[in-house]
1. Could you check the spin-label model distance between L181 and M45? Points 7 Å from the Cα along Cα→Cβ, value in nm.
2. Region 29-71: which chymotrypsin sites (Phe, Trp or Tyr not before Pro) are DSSP loop and have at most 13 other beta-carbon atoms within 10 angstrom?
3. With a bin width of 5 angstrom, please list the P(r) values of region 153-213 as percents of all Cα-Cα pairs, from the 0 bin to the one holding the largest distance.
4. Could you check the spin-label model distance between E38 and I89? Points 7 Å from the Cα along Cα→Cβ, value in nm.
5. Give the shape of region 2-130 as rounded, prolate or oblate, defined through the alpha-carbon gyration tensor: a ≥ b ≥ c are the square roots of its eigenvalues, a/c under 1.5 means rounded, and otherwise the shape is prolate if a/b is larger than b/c and oblate if not.
6. Multiply the residue gap between E29 and H11 by 0.36 nm, knock off their C-alpha separation, and tell me the result in nm, one decimal place.
7. Would you mind ranking V88, V80, V164 so that the residue whose beta carbon has the fewest other beta carbons within 10 Å leads the list?
8. Can you compute the charge dipole magnitude of the chain about its Cα centre, using +1 on each Lys and Arg Cβ and -1 on each Asp and Glu Cβ, nothing else charged? Give it in debye, rounded to the nearest 20.
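Throughout, read-outs are computed from the coordinates displayed, never taken from laboratory work. In this text the structure is predicted, and so the values were computed from the model without any measurement. Neighbour counts are summed over all protein chains in view; Cβ atoms, including those assigned to glycine, are modelled from backbone coordinates with ideal geometry.
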Amino acid sequence: MVKKILLVDDHPAIRASIGAELLKKNITETVFEAGNSEEGFDQAMVFNPDLIVMDISLYGASGIELTKRILQKNPKIKIVMLSMYSKVIYITESLKAGAKGYILKEADMDSIIDGIKKVLAGETYVDSRISSKVIASLIAPEDNMELSSDDNSYDTLSSREQEVLRLLAEGREIRDIAKELCISSKTVINHRTNIMQKLNCSNMVELIKYAIHIGLVDA
């Protein structure tokens, strides 16, 4: 169990609902709250939380600036951005600042908690409803995955694998793909593993980049 989580948001109701759910599901034993950027910084320095859930729009400095400031002092803290904005600039700047997750405020509570849990587990989490165009924009400039114009790896995929690739690249959830194709979630996961091996992709960002490169989804 994570011992300390800090919620930084100027809406008390949001802090209260997320905090209550985190405690209810035994994800944490202690929740701290802050309503603005200065309070957030002070709380982070005093209590040294394991994770911070941070709004982008805060009184004082933005959540992005606060993320940079906190991580300069303590780079071990994990930060998840919780925002109403789905624009590319906010997401890319948040991740560049050091945030490990980006969740939309319109998400249901289960999705918010799931994103928090994934970041706590060491993953980088981006809300599934953010389009493939946005995810493609998150590919770092130093990413050196090579895609030649004569790459015929796509032809090595079975028709079902091609179908799963398209749905994955569109940002669809595993369970939704399984339902649409009338197969089990485990089968979808197996297809995803085979696809990534055949296309020599090590993660979902590379897989989406590949799909955009061959025109399977729009950039």
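1. Inter-label distance under the simple model: 5.2 nm.
2. Values: sites: F32, F41, F47, Y59; in loops: Y59.
Listed in order of number, the matching sites are Y59.
3. Reading the bins upward from 0: 4, 20, 36, 26, 12, 2.
4. According to this spin-label approximation, the distance is 2.7 nm.
5. Numbers: a/c = 1.26, a/b = 1.01, b/c = 1.24.
Rounded.
6. On the way: separation 18, 0.36 × 18 = 6.48 nm, distance 2.17 nm.
Gain on stretching E29 to H11: 4.3 nm.
7. On the way: V88 16, V80 23, V164 26.
By the 10 Å Cβ count, ascending: V88, V80, V164.
8. Roughly 520 debye, rounded to the nearest 20.
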